[in-house]
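See structure below.
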Amino acid sequence: MASITPHYRTIKELLQTRSFAIDEYQREYKWDRKNIEELVSDLQAKFAAFYRDGDSPKAASEYGDYFLGSIIVTRRGNKSYLVDGQQRVTSLTLLLIQLYREARQRALAVTSTIEPLIYSDDYGERKFNLDIAERLPVLDALFNGKDYTVDGKDESIQTIIARYRDLESLGLADDLDAGLETFIYWLMFNVGLIEIATETDAHAYSIFETMNDRGKPLSPVDMLKAYLLAPIKDEEERARANRIWKKTVLDLISWEPDPDTERDAACVKAWLRAKYADSTRDRKAGAVDRDWELIGSTFHRWLRDHAARVGAGDMTGNLALMTEEFPFFARAYQTILQASRTYTSGLEAIFYNEHNEFTWQSTVLLAPLNPHDEDETVRRKLAATATYLDIWLMRRTVNYIRVGYSSVSYAMWLLCRDIRNKPLPGLIDTLREKLDQDEAEVSLDGSPRRGRRGILDLRLNQFSKRYIYHLLARLTAYTEQQSGQADLFDKYVDRSSKNPCDIEHLWADKYDRYRGECPTREDFDEWRNHVGGLVLLPADVNRSYQDQPFEHKAPRYAKQNRYAASLTAAAYQHQPQFSAFVASSGLPFRPFDHFGKAEQEERRELVLTLAKRVWNPDRLDQFRR
């Protein structure tokens, strides 16, 4: 058909001096953190297969290519409309903006080459490659490194900000280090996709429907099922295996309240990685993918190539995999999903790790499980392993150590290998031993090798904000629990509520008030943003207090949560259970009439001491029988 033309475009060819619009009825930008992490991880892994230390940007011209799929574009007048591909083009734009800002900060020559891929000059005005009116302000803010408030904004705007913050937290530029500029050139010139261009909407939507509805290829899970069914010649057994497999898949993808057509594949990847990945890519340039990576990309082929290791290849083994092992791990996977979304007694640590958006959790939690485990044993193993991750994660995040998908992939493979199939007592002993060994390297007190002092150096910034929010919610919930109140952690972190909690600075943003203690504005900002000078308050209360001095705000804190109220004398006079907790614990709680540097240093010690209780490795012992 003459009006339909496919073209291979590199990222540079696709985006330079071009802009794309979308129709109003198209869905919102929906990518989540997992999607962004997988995109960055895949790109980084492919680049690592070519890059050698010291390679110049020019060397990227000899590297291999990477294919990102296809998009469908139709022309109307002088505008290009994305019929299919909005999610990828938006995500690529955010990645390019983030790389642009990193390159600019490092004064790299590639900075000027990236700019035309993000926007073009339209008679002196910036025209972003995503020409969507309501999204232009947020793109402009991100491009210029300015704060942007998402309150009251639509879903796409909120998701754009969230995914950009995810990109920042992944630390791609830090991981690439001297190879950053070479990576950027490779991304622009060697990464590409197919642009299917049409002249009419009718052709564009016809192609879209054909690609998505008719002739849809078998999914990797379908191909895995076909391979496993092939040796099962007994018709009744074959029918039974097919029925159980189909029900297991249906339960996964239709799981409420969050149906997901790709969840079956995610579960299979987690299962096979957790139980059978014996190798991972070497951490050096030019290394090739091995079990851990291959399962993540082509698990159906990996299992076929490693059938003996998995116990597959004949009727008996394949029946066991289809009717026993896969259903068992799928049920455990759903238990993890449920506990990730609903604060569940006994499985709270799973919820904590999900709130910290730790995407390896499901894989790691499946590793110690055995299909012969009783339900209670499964719950205890899940809880113990999640508790280990909770402590491991907090030790790192308070020391500004990245815990994103790529950054900890190797560590998670090692962990899965070491706890695989462990009986419950052995699992707890192994996890405790790992935490004890780890503490010398990184703890809440600091990381000597990295020159960090842990919580005593923890300040609010783009990296730490999500973790400080989590930490304050945990300290608040723990303080209230120990004072005889309900555990409200899930309420404190619920951003969908009408009046969610925000981080409140005890020092108002008024440098002149603190000039006597802080010789410079930079010194003031460092003290003001330290975790010792922060609490959680409902958003409406936080906004009403912002400019007031501590002496005026403190009496009102007495009416808020126990952790905030502990700054005031009233909390010790009229709350006998809280006072009893303070007395029995020996924690350095005390009220303040004034809150300057000396008082904040006291509060820092309280935060550290309290955190050591909340993230105490002794928590693992509760899961022993």
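Every number in this text was worked out from the coordinates using simple rules, so none of it is lab data. Keep in mind it's a predicted model, so treat the numbers as computed, not measured. Cβ atoms come from the backbone with ideal geometry, glycine included; neighbour counts cover every protein chain shown.
Applying Stokes-Einstein at 37 °C and 0.692 mPa s to the Kirkwood radius of segment 4-212, computed over alpha-carbon pairs, gives a translational diffusion coefficient of 185 µm² s⁻¹.
Exposure proxy shown here: for Y81, Y29, the number of other Cβ atoms within 10 Å sets the order, fewest to most, as Y81, Y29. Summing Cβ point charges (Lys, Arg +1; Asp, Glu -1) relative to the Cα centre of segment 387-457 gives a dipole of roughly 280 debye. At q = 0.27 Å⁻¹ the log10 of I(q)/I(0) for segment 534-585 amounts to -1.04, computed by Debye summation with a single uniform scatterer per C-alpha, solvent ignored.
When the Cα convex hull of segment 322-429 is projected onto planes of every orientation, the mean area is 6.8 nm². In segment 220-448, the alpha-carbon atoms span a convex hull of 127 Å³ per residue.
Averaging the Cα positions of each part gives two centres, and for segment 344-364 and segment 282-336 these lie 23 Å apart.
Apply 1/(1 + (r/R0)^6) to the Cβ-Cβ distance of N35 and T10, taking R0 = 25 Å, and write down the FRET efficiency to the nearest 0.05. Don't skip to the end; give the middle numbers.
Working: r = 22 Å, r/R0 = 0.87.
Plugging the Cβ-Cβ distance into 1/(1 + (r/R0)^6) gives 0.70.
For M315 and A107, the FRET efficiency from 1/(1 + (r/R0)^6), where r spans their Cβ atoms and R0 equals 60 Å, is about 0.40. Placing a label point 7 Å from the Cα of E324 along the Cα-to-Cβ line, the residues of segment 364-386 whose backbone N sits under 20 Å from it are 366-379. Inter-label distance, S497 to A21: 4.3 nm, where each label sits 7 Å from its Cα along the C-beta direction. Across the chain, the relative contact order, built from alpha-carbon pairs under 8 Å that are at least six residues apart, equals 12 percent.
Let me know the shape class of segment 458-621, please: from the alpha-carbon gyration tensor, a ≥ b ≥ c as square roots of the eigenvalues, rounded when a/c is under 1.5, otherwise prolate if a/b is greater than b/c, or oblate. Present the calculation step by step, with values, prior to reporting the outcome.
On the way: a/c = 1.43, a/b = 1.35, b/c = 1.06.
Rounded, because the longest to shortest axis ratio a/c is under 1.5.
Using 0.36 nm times the number of residues separating D234 and L414, minus their current alpha carbon distance, what extension gain do you get? Mind showing how you got there, number by number?
Details: separation 180, 0.36 × 180 = 64.80 nm, distance 3.99 nm.
In short, 60.8 nm is gained.
Charge dipole of the chain (Cα centre as origin; +1 on each Lys and Arg Cβ, -1 on each Asp and Glu Cβ, all else neutral): 640 debye, rounded to the nearest 20. The per residue volume of the convex hull around the alpha-carbon atoms of segment 271-374 is 118 Å³.
Ignoring aspartates and glutamates fewer than eight residues from K275 along the same chain, the ones with Cα atoms less than 12 angstrom from its Cα are D291, E325, D418. For segment 472-625, the dipole from Cβ point charges (+1 on Lys and Arg, -1 on Asp and Glu) about the Cα centre works out to 500 debye, to the nearest 20.
If I take R0 = 56 Å and measure r between the Cβ atoms of D121 and Q481 in this structure, what FRET efficiency does the formula 1/(1 + (r/R0)^6) give, to the nearest 0.05? Walk me through the intermediate numbers first.
On the way: r = 58 Å, r/R0 = 1.03.
Once the sixth-power term is evaluated, E becomes 0.45.
From the alpha carbon centroid of segment 386-418 to that of segment 466-527 is 25 Å.
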